[in-house]
Amino acid sequence: MVRRHPGAGGRRGRFRPKGRAVEPKALAEVRAVLGDRPRRRDLLIEHLHLLQDRYRGLAPSHLAALADEMRLSMAEVYETATFYAHFDLLDEGERPAETTVRVCDGLSCELAGALELNSALRAAADASVRVVRAPCMGRCDRAPVAEVGHRHVDRASADAVLATVQGGERSPCVPAYRGLTAYVDDDDGYRVLNACLGGMRPFESVVEALDEAGLKGLGGAGFPTGRKWRIVRGHPGPRLLAVNADEGEPGTFKDRHFLVTDPHRFLEGVLIAAWAVEAETSYIYLRDEYPDVRELLLKEIDLIEARGLTPHTRLELRRGAGAYICGEESSMIESLEGKRGLPRHRPPYVAETGLFGRPTLVQNVETLFWVRDILEKGPSWFANYGGSAGRGLRSYSVSGRVRNPGVKVAPAGITVRELIDGHCGGMAEGHAFRAYLPGGASGGILPASLAELPLDFGELEAHDCFVGSHAVVVLSDQDDMRAVALNLMRFFEDESCGQCTPCRVGTEKAVKLMERERWDEPLLRELAEAMADASICGLGQAAANPLTSVLRHFREDVELGDG
């Protein structure tokens, strides 16, 4: 839009654009940062990251210059920049902090003393250090966790974090992992992919193997993988693949485990899936909380491309920006298009109308990780794990009050009692098992008396809970269930995208009601029902699960009344 300014004597003056004027200096700086990168709309978030990495924040002058350079309105740039938690918008003339320290306040970190860590850092840090709270960082087995720039400090103390600040290192620390040479030479890596590309593995035989194995989507939905591949391939191309590596569910870190230990087993699964649905481009949407994973994937993707293993698809690694909602598939697709991560109304489903309006296969990291082994070892190898309650292997992210937290690969349908005693070395010293979250923040809370329930899809719904992404947080006799539920509801309040009123207003109202000394049970139940029935996506629909679990199983931890 433009505004006409009348000149002297009533004559019309020149056109002048409305809004903030673009400063030549800021425009030159933006162009220098972007270099020869394309100015496509879908790369807006990538370009915002580049600016923030260079200037430690996003100045209004840079946002205006970026909008001009990308031929976007200021509103489009501003609404995207303000949506994501990891973009730090500066006031006009504000100097950014030399160092930003993010302290995880996820449930497992809070149990391990994150609130005290945050307070200690705020008291000890000087004016050059900005200390902020942050949602789950996907390192729950190493709680509490802080991030200095892009470098994580595990099992953090205030002294360790401040030492990292003073040491000046801000880059991610990439762990040792199995690289391309070891994967190919020692484990016949990419042999299954080459068989698919060479015509020795027809599409139908591949999908039948996945069906027979019982492989499901392991990001939380549990939809049969082979059926999804058939559905996507059944829609006219061109088709795309979008890999969801944005495991933001508090308590979940299994995908990170696979990516930092055996990334090529995952990448081979990506390339097989791309071949299966004839995806011309394969996008890997990686959460920004995993900067070390990003570094290693950038390197290894370059290596497999140089080896000629990607003739059928183009790989693009995209960086999230701190938004739990982008774990929902349609929100992730909106983010990949460079927009706010708002869930889409369905139908149409993303398998038919997904990224850029094209049929899109969306898969989780762990699901793709198992593809190569199933095709190589046969579907019965995978299906024979598990019992009557489930088939196949599952990766349980176990944290909280156990002696040995971590990712535990076990048969589907294992119980939490078996996980604690057989895989985690029992409870942490001085703690008695009292309760557990079977599926992260949204999966509800169950008492120890229900510790023999199978942890798999469809087994917990009778108790108003679900296994979701298989994130198990173990709680003890020293934990207050009211405080646990409040921590989780605050998380949902922070992460609500704001698109629909039941979730946006409901989570905020629930937090205020739950902070009161006495809980108004009828009002809280009415609110929980409204959120579950009327929210657009799973965030609002499941946000009240911890609340209703406490009212059902742990009433002794709350004082009930009229508020």
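The values are calculated or read from the model by the stated rules, or taken from the named source; none is laboratory data. Owing to the predicted nature of the structure, the values given are computational and were not obtained by experimental measurement. Don't worry about glycine lacking a Cβ; one is built from the backbone with ideal geometry, like all the others, and counts go over all protein chains shown. SASA here: full protein model, heavy atoms, side chains in, ligands and nucleic acids out. Shrake-Rupley method; radii C 1.70, N 1.55, O 1.52, S 1.80 Å.
Expressed in nm to one decimal, what extension gain is obtained for the pair Glu94 and Asp126 from 0.36 nm per residue of sequence separation less their Cα-Cα distance? Walk me through the numbers on the way to the answer.
Values: separation 32, 0.36 × 32 = 11.52 nm, distance 1.72 nm.
That pair, Glu94 and Asp126, stretches by 9.8 nm at full extension.
Scanning residues 5 or more positions from Gly219 or on other chains, those with amide H under 5 Å from its amide H are Asn364, with H placed 1.01 Å from N in the peptide plane.
What number results when the radius of gyration of the range 62-206, computed over Cα atoms, is divided by 2.2 N^0.38 Å?
Values: Rg = 22.0 Å, N = 145, 2.2 N^0.38 = 14.6 Å.
Cα Rg divided by the expected 2.2 N^0.38 Å: 1.51.
Annotation: amide H of Leu315 within the under-5 Å range of Ser282, sequence separation 5 or more or interchain, hydrogens built in the peptide plane. Other residues lying with their Cβ under 10 Å from the Cβ of Pro144 contribute a combined charge of -1, Lys and Arg counting +1, Asp and Glu -1.
Taking all Cα pairs closer than 8 Å and separated by 6 or more residues, the relative contact order of the range 272-373 comes to 23 percent.
Of all DSSP beta bridges located in the chain, what percent are antiparallel, nearest 5? Counting only bridges with both partners in the chain, antiparallel ones make up about 45 percent.
Could you work out the local net charge near Ala112, counting Lys and Arg as +1, Asp and Glu as -1, over the other residues with Cβ closer than 10 Å to its Cβ?
Values: positive: Arg142, Arg155, Arg401; negative: Glu110, Glu116.
Net charge in that neighbourhood comes out at +1.
Just from its helices, what would the mean residue ellipticity at 222 nm be for the chain, if runs of 4 or more DSSP H residues each count -39500 (n - 2.57) and the sum is divided by every residue, rounded to the nearest 500 deg cm²/dmol? Numbers along the way, then the final one.
Numbers: 23 runs with 234 residues, N = 563.
It comes out at -12500 deg cm²/dmol, rounded to the nearest 500.
Please give the length that would be gained between Glu79 and Arg555 if that part of the chain were fully extended, namely 0.36 nm times their separation in residues minus their C-alpha to C-alpha distance (nm, one decimal). Extra length from Glu79 to Arg555 when fully extended: 167.2 nm.
Karplus-based coupling profile of the range 316-331, in residue order and whole Hz: 10, 9, 10, 9, x, 9, x, 8, 4, 4, 6, x, 6, 4, 6, 5, with θ = phi - 60° in 6.51 cos²θ - 1.76 cosθ + 1.60 and x standing for Gly or Pro.
If one puts a single equal scatterer on every Cα of the range 316-434 and applies the Debye formula without solvent, what log₁₀ I(q)/I(0) results at q = 0.13, 0.14, 0.18 Å⁻¹? For the requested q values the scattering log ratios are -0.78, -0.86, -1.00. Highest average first, the peptides 37-45, 436-444, 195-203 ordered by how many other beta carbon atoms sit within 10 Å of their residues are 436-444, 37-45, 195-203. In sequence order, the range 442-453 has phi-based couplings of 8, x, x, 10, 10, x, 4, 5, 10, 7, 9, 6 Hz under the Karplus curve 6.51 cos²θ - 1.76 cosθ + 1.60, θ = phi - 60°, and Gly or Pro positions carry x. Database remark: amide H of Arg394 closer than 5 angstrom to the amide H of Ala410, Ala412 (H placed geometrically; neighbours at sequence offset of 5 or more, or on other chains; Pro and chain starts carry no H). Got a sec? Charge dipole of the chain, +1 on Cβ for Lys and Arg, -1 for Asp and Glu; which of Leu267, Gln52, Tyr385 is way out at the positive end? Of Leu267, Gln52, Tyr385, it is Gln52. The HN-Hα couplings worked out from phi for the range 76-86 by the Karplus form 6.51 cos²θ - 1.76 cosθ + 1.60 (θ = phi - 60°) are 5, 6, 5, 5, 6, 5, 7, 6, 9, 5, 8 Hz, whole numbers, x standing for Gly and Pro. Debye-formula intensities of the chain, expressed as log10 I(q)/I(0) at q = 0.06, 0.11 Å⁻¹, are -0.31, -1.06 (one equal scatterer per alpha-carbon, no solvent).
Show me the ranking of peptides 334-342, 521-529 by mean Cβ neighbours inside 10 Å, starting with the highest.
On the way: 334-342: 22.0, 521-529: 15.4.
Answer by packing, highest mean first, reads 334-342, 521-529.
Please state the charge dipole magnitude for the range 199-282, taken about the Cα centre, from unit charges on C-beta atoms (+1 on K and R, -1 on D and E), reported in debye and rounded to the nearest 20. List each step's numbers first, then the result.
On the way: 10 positive and 12 negative charges, 26 e Å.
I would put it at about 120 debye.
Electrostatic tally near Val131: other residues with Cβ closer than 10 Å to its Cβ, Lys and Arg +1, Asp and Glu -1, net +4. Legend: P(r) of the range 30-122 from all alpha carbon pair distances, 5 Å bins from 0, whole percents, reading 2, 12, 22, 19, 14, 11, 9, 7, 4, 0. Cβ distances below 4.7 Å define possible disulfide partners, and in the chain the cysteines left without one are Cys136, Cys140, Cys173, Cys196, Cys326, Cys424, Cys465, Cys497, Cys500, Cys503, Cys537. Specify the inter-centroid distance of the range 79-102 and the range 337-402, based on alpha-carbon positions, in whole Å. Cα centroid of the range 79-102 versus Cα centroid of the range 337-402: 33 Å apart.
When you count, for each residue, the other Cβ atoms within 10 Å and take the mean per peptide, how do 135-147, 461-473, 241-253 rank with the highest first? If you can, show how the numbers build up before the last one.
Numbers: 135-147: 25.8, 461-473: 22.8, 241-253: 28.0.
Per-residue mean Cβ counts within 10 Å order the peptides as 241-253, 135-147, 461-473.
The mean of 1/r over all distinct Cα pairs in the range 373-433, once inverted, gives the Kirkwood hydrodynamic radius of 12.5 Å. log₁₀ I(q)/I(0) of the range 426-542 at q = 0.20 Å⁻¹, via Debye over equal Cα point scatterers, no solvent, to two decimals? With no solvent term, the Cα-only Debye profile gives -1.17. Based on protein heavy atoms only, the chain ends up with 41 Å² per residue of surface accessible to a 1.4 Å probe.
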